[in-house]
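> The structure follows.
The values are calculated or read from the model by the stated rules, or taken from the named source; none is laboratory data. As the structure is a computational prediction, the values presented were derived from the model and not from experiment. Note that we place each Cβ from the backbone using ideal geometry, even for glycine, and neighbour counts take in every protein chain shown. Keep in mind that these areas ignore ligands, DNA and RNA; they rest on the heavy atoms of the full protein, side chains included. Shrake-Rupley method; radii C 1.70, N 1.55, O 1.52, S 1.80 Å.
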Amino acid sequence: MKKITILGSTGSIGTNTVAIIKNHPDLFKIIALVANKNVSVMLQQCEYFSPDWVAMKDKKSADILRIKLKKKKIKTQVLSGSKEICTLASLEENDCVVSAIVGMEGLLPTLSAIYAGKTILLANKESLVTCGDIFMRALSSHQAKIIPIDSEHNAIFQILPHFLQNNLGKENLKENGIKSIILTGSGGPLYHLKRKDLPFVTPEQTCNHPNWSMGKKISVDSSTMMNKGLEYAEARWLFNASENEIDILVHPQSVIHSMVEHTDGSVLAQLSLPDMKVAISYAMAFPKRILSGANFLNLKKFKCLNFFEPDFTQFPCLKLAIDAFSSGQSAMTVLNAANEVSVSAFLNSRIRFNKISEINSDVLISSSFPEPTSVEEILEIDKKTRIKTEKKILSLVY
């Protein structure tokens, strides 16, 4: 039985993970759950699983949860704050840690799990995007293991030879018979809109994804295709891929989740319905497969599967991310921080949709930091960039 801690248990990835564990109580046991301030969902999870530990980032939410658990005579111990979350990520009894906290908030807990030598099921792409070199070196030095649960990277992971699965980020793709990795993306809910319509898009429209059920931030990133840009960076690190070894295709049906092109001309693809439980269950049970709870794919229902090259004029955030990765770690950290702030501003109706890419570009171009050599330096770049981005937003007229 695998003992699991879920970082971000009340979000989309977290609740899907919980659903899988409910269906396989003989295979998995929850040791600890972590969330920000969603007391109602966390209470339900505690009632069902009675984990040893819970941590809420928000202290007030932790206090409320503690009172509610006491009334229900549930003995789960409740902690609060970032330091305690990192402690739960590195518990000795953890076999694996699901890293599903959104954004840079997930960086330190994920690194804590790595330093403790755990198996990390990674959904928090930002921690790898902003901290790639340090992240990958830490995996090796602490004998930790990573299995991606983003649908695209998990699809690639499923296709890779066992040798590469067990040596992520360390080996040469070409020497192992791989010509290129093909990342697919739906194009998001705004793919068919004209550029002139983008300034008038609402947060509700961007969060109404045609295929996936996701959180608000990642839904906006899907609409700008920044999400695919971050996944590009993540794939470069995870699979030790060069610029010429990664291609990106828009695939509106979201059936083929990614592909691997081999040097003999073969292309292998992973297909399933767009349901995150497929990727999560594969990572949780690896190297075995278990029932995920997802519906099965019926190809007879699909008349065609389409693929297009992304239009960088329609999706400037995607091009920004690709270029930023080539510029170095500080540029990626700047872009990620600027994007988190600008997306938040859009979701709160402080800026228009088209301003997200403009703000990201302006902040990236006007920022110059030396390449970071430590997590502390990365966090400092992130902090300064957020302040700068907020000032930029305040200077705009909506």
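> If I go through the range 280-311 residue by residue, how many of them are in contact with a Lys or Arg (Cβ under 6 Å, 6 or more places away or on another chain) and open to solvent by 80 Å² or more (accessible area, probe 1.4 Å)?
As a first pass, look at the range 280-311 and keep what is in contact with a Lys or Arg (Cβ under 6 Å, 6 or more places away or on another chain): 292-294.
Cutting the leftovers down to open to solvent by 80 Å² or more (accessible area, probe 1.4 Å) gives us none.
Counting residues in the range 280-311 that are in contact with a Lys or Arg (Cβ under 6 Å, 6 or more places away or on another chain) and open to solvent by 80 Å² or more (accessible area, probe 1.4 Å) gives 0.
> Please specify each residue of the range 48-81 satisfying the condition of being hydroxyl-bearing (Ser, Thr, Tyr) and in contact (Cβ under 8 Å) with a residue 40 or more places away in the chain.
Matches in the range 48-81: none.
> Check the range 189-208 and report whether any residue there is open to solvent by less than 20 Å² (accessible area, probe 1.4 Å) and β-branched (Val, Ile, Thr).
Yes.
> Quick one: SER80 ticks every box in (1) within 30 Å of ASP221 (Cα to Cα); (2) out of contact with any helix residue (DSSP H, G or I) (no Cβ under 7 Å at 6 or more places or on another chain); (3) open to solvent by less than 70 Å² (accessible area, probe 1.4 Å) bar one, so which box is it?
The number of the failed condition is (2).
> Step by step: first the residues of the range 331-353, then only those that are under 26 Å from SER374 (Cβ atoms) and open to solvent by less than 10 Å² (accessible area, probe 1.4 Å), then the one that is nearest to the chain's Cα centre (by Cα). Which residue is that? Walk me through how you get there before you give the answer.
So in the range 331-353, the residues under 26 Å from SER374 (Cβ atoms) come out as 331-341.
Then keep just the ones that are open to solvent by less than 10 Å² (accessible area, probe 1.4 Å); that gives 332-339.
On the way: MET332: 15, THR333: 15, VAL334: 17, LEU335: 16, ASN336: 12, ALA337: 15, ALA338: 17, ASN339: 14 Å.
Filtering the range 331-353 for residues that are under 26 Å from SER374 (Cβ atoms) and open to solvent by less than 10 Å² (accessible area, probe 1.4 Å), the one nearest to the chain's Cα centre (by Cα) comes out as ASN336.
> Another question, then. Taking LEU43, is it open to solvent by less than 30 Å² (accessible area, probe 1.4 Å) and farther than 26 Å from ILE120 by Cβ? Working first, answer last.
Values: open to solvent by less than 30 Å² (accessible area, probe 1.4 Å): yes; farther than 26 Å from ILE120 by Cβ: yes.
The answer is yes for LEU43.
> Go through the range 153-182 and give me each residue that's of a type in the set (Gly, Ala, Ser) and assigned to a helix (DSSP H, G or I).
Within the range 153-182, the subset of a type in the set (Gly, Ala, Ser) is 155, 169, 177, 180.
Across the range 153-182, the qualifying residue is only ALA155.
> Take the range 120-159 and flag every residue that is over 17 Å from GLU377 (Cβ atoms), among the hydroxyl-bearing types (Ser, Thr, Tyr) and surrounded by 20 or more Cβ atoms within 10 Å (Cβ to Cβ).
Once the filter is applied, which keeps residues that are over 17 Å from GLU377 (Cβ atoms), among the hydroxyl-bearing types (Ser, Thr, Tyr) and surrounded by 20 or more Cβ atoms within 10 Å (Cβ to Cβ), the range 120-159 yields only SER151.
> Condition (residue is of a type in the set (D, E, K, R), under 30 Å from SER366 (Cβ atoms) and either touching a residue at least 40 places away in the same chain (Cβ under 8 Å) or in a helix (DSSP H, G or I) (or both)) applied to the range 250-261: is it met by at least one residue?
No - not one qualifying residue is present in the range 250-261.
> Here is a further query. So which of ALA294, ALA321 is touching a residue at least 12 places away in the same chain (Cβ under 8 Å), in the same structural domain as TRP237 (by the TED database) and small (Gly, Ala, Ser)?
On the way: ALA321 fails: in the same structural domain as TRP237 (by the TED database).
After ruling out the rest, the residue left standing is ALA294.
> Any residue in the range 84-108 that is assigned by the TED database to the domain that holds PRO51 and hydroxyl-bearing (Ser, Thr, Tyr) sitting within a Cβ distance under 7 Å of a residue that is open to solvent by less than 70 Å² (accessible area, probe 1.4 Å) and in a loop (DSSP other than H, G, I, E, B)? List the pairs, counting only those 6 or more apart or interchain.
SER90/ALA116; SER99/ALA123; SER99/ASN124
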